[in-house]
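Below: the structure, in structure tokens.
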Amino acid sequence: MKILVVDDRPKRYERLFAAFAKIGIGRQHIDLVDSANGAREKLGSQSYDLLILDILLPLWSEGDPDTQHSADLLFEIREGELPNPPRYVLGITADREVAAAVLQQFEDYTWTVLHYADDNDEWVGRA
């Protein structure tokens, strides 16, 4: 399984990567980028089984996060505008209010949004 994680706060994935390792998905099978354009570059050059996408994401590494960048990326995946669309997409956010704004788009595409929390691992078990 090949996984692409798109998030400008990569430290929060240490527990998830450890959980993946326990089921045989090593870190070498996981790519991590911190922007929507970084995701476009990766999706343009390789295939992924799973895309884990932060809902609040910058366009470029040095940019400001905005839900529109994730929404645009979702649209491009859904419409076939990217050469290697992932098989599955999982949204993640630490801000429930932000998730509410784009939750309908994920549900329309039959994808899921997880609520990230520093203080528990419930989200890790659902990933």
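Below, the figures for the structure above:
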item	result
Within straight-line cross-link reach of K42, lysines at Cα separation under 22 Å, skipping those fewer than 8 residues along the same chain	K2, K11
Cut-off 15 Å between beta-carbons: net charge of the residues surrounding D49, Lys and Arg +1, Asp and Glu -1	+2
Other-chain or far-sequence residues with amide H under 5 Å of I92's (modelled H)	L53, D54, I55, L114
Cα-projected label distance for E14 with Y88, points at 7 Å along beta-carbon direction, nm	2.6
Simple spin-label estimate for A21 and D72 in nanometres, 7 Å along Cα-Cβ	3.6
HN-Hα J in Hz across segment 19-24 - Karplus 6.51, -1.76, 1.60, θ = phi - 60°, x for Gly and Pro	5, 4, 4, 5, 9, x
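Each value in this text was obtained by applying a stated rule to the coordinates, not by laboratory testing. It should be emphasised that the depicted structure is a prediction, and the values quoted were computed from it without experimental measurement. Cβ atoms come from the backbone with ideal geometry, glycine included; neighbour counts cover every protein chain shown.
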